[in-house]
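Take a look at the structure below.
Derivation of every value follows stated rules applied to the coordinates shown; laboratory data play no part. It should be emphasised that the depicted structure is a prediction, and the values quoted were computed from it without experimental measurement. Positions of Cβ are backbone-derived with ideal geometry, glycine not excepted, and every protein chain shown enters the neighbour counts.
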Ligand code: URA
Ligand code: SF4
């Protein structure tokens with residue numbers, strides 16, 4: 001059989017899987033400010049993380065802040081109290097922000113993922129933080145983008161790899177990209193990102209003093225960009 005007579009190649013089309021069912025978008029209001037978004041996020045079922053967590057931990061702070069600080073996800077204390085950065089990492093972050101000359105009350109603090117992900121092991125059943133999956137991060141990202149578009153800050157601080165990837169893209173690397181002003185896409189609602197290490201990484205570091213000094217130096221880059 002010559003080439004010309006060859007039957008048409010069989011194309012294997014997969015059945016249309018439809019949109020990813022992990023997605024917060026259907027829960028995000030079309031209009032309304034931060035309070036309306038906070039109320040809507042409280043009943044988000046955009047991914048399975050709501051099932052075991054206590055509550056949604058939405059962002060908090062000045063609704064017209066010039067600086068937004070983005071973490072990974074709420075921790076144990078945040079999950080119980082319903083507010084971002086109220087646990088040990090949050091205390092360290094607030095101290096570092098103050099020392100960098102950034103007024104915490106004039107900032108807006110939030111996370112890439114709004115529900116606490118954890119595993120519960122051992123006799124005491126302590127809740128151990130688990131890193132969110134890429135799928136959960138993408139599912140929850142519409143809330144972060146909505147927050148940024150409502151606040152419209154000049155500077156967004158990304159704490160750690162999860163926040164960096166959510167704000168800059170998958171190629172983001174903390175060690176390489178930290179401490180520099182990185183322009184943001186217009187539709188993402190901020191002007192520049194400054195990335196740094198996560199305050200939990202400072203708490204875990206062998207050389208805590210050096211890690212803290214690094215966090216502070218990066219936050220000073222953000223502070224300078226606000227001048
Ligand atoms: N770590 C985070 O990334 N966010 C919080 O809100 C608390 C700890
Ligand atoms: Fe919705 Fe985000 Fe919670 Fe998942 S983690 S249920 S997307 S708010």
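GNM on the chain, alpha-carbon springs under 10 angstrom: the most fluctuating residue among 169, 18, 189 is 18. Along its three principal directions, the equivalent ellipsoid of the stretch 112-209 from the Cα gyration tensor extends over semi-axes of 26, 18, 11 Å, largest first.
Sorting the Cα pairs of the chain by distance into bins of 5 Å, from 0 upward, gives 1, 7, 14, 18, 19, 15, 10, 5, 3, 2, 2, 2, 2, 1, 1, 0 percent per bin. In percent, what relative contact order does the chain have, based on Cα pairs under 8 Å that are 6 or more apart in sequence? So the answer I get is 20 percent.
Remark: the Cα gyration tensor places the stretch 153-219 in the prolate category, a/c being 1.5 or greater and a/b exceeding b/c. Can you give the angle from 0 to 90° between the axis of helix 134-151 and the longest principal axis of the chain, with both taken from C-alpha atoms, to the nearest 10? That helix lies at roughly 60 degrees to the long axis. Of 65, 205, 40, the residue with the greatest mean-square motion in the GNM of the chain, using alpha carbon springs below 10 Å, is 205. Against the main long axis of the alpha-carbon atoms of the chain, helix 88-99 sits at an angle near 60°. Once the Cα-Cα distance is subtracted from the 0.36 nm per residue extended length, the residue 99 to residue 27 segment shows a gain of 22.2 nm.
Compute the FRET efficiency between residue 204 and residue 181 as 1/(1 + (r/R0)^6), taking r as their Cβ-Cβ distance and R0 = 22 Å, and round to the nearest 0.05.
On the way: r = 27 Å, r/R0 = 1.23.
Using R0 = 22 Å, I get an efficiency of 0.25.
For the stretch 50-91 and the stretch 123-157, compute the distance between their C-alpha centroids and round to whole Å. Answer, in whole Å: 9. Can you tell me what share of the DSSP beta bridges in the chain is antiparallel? A percent to the nearest 5 is fine. Taking every DSSP beta bridge with both residues in the chain, the antiparallel ones total about 40 percent.
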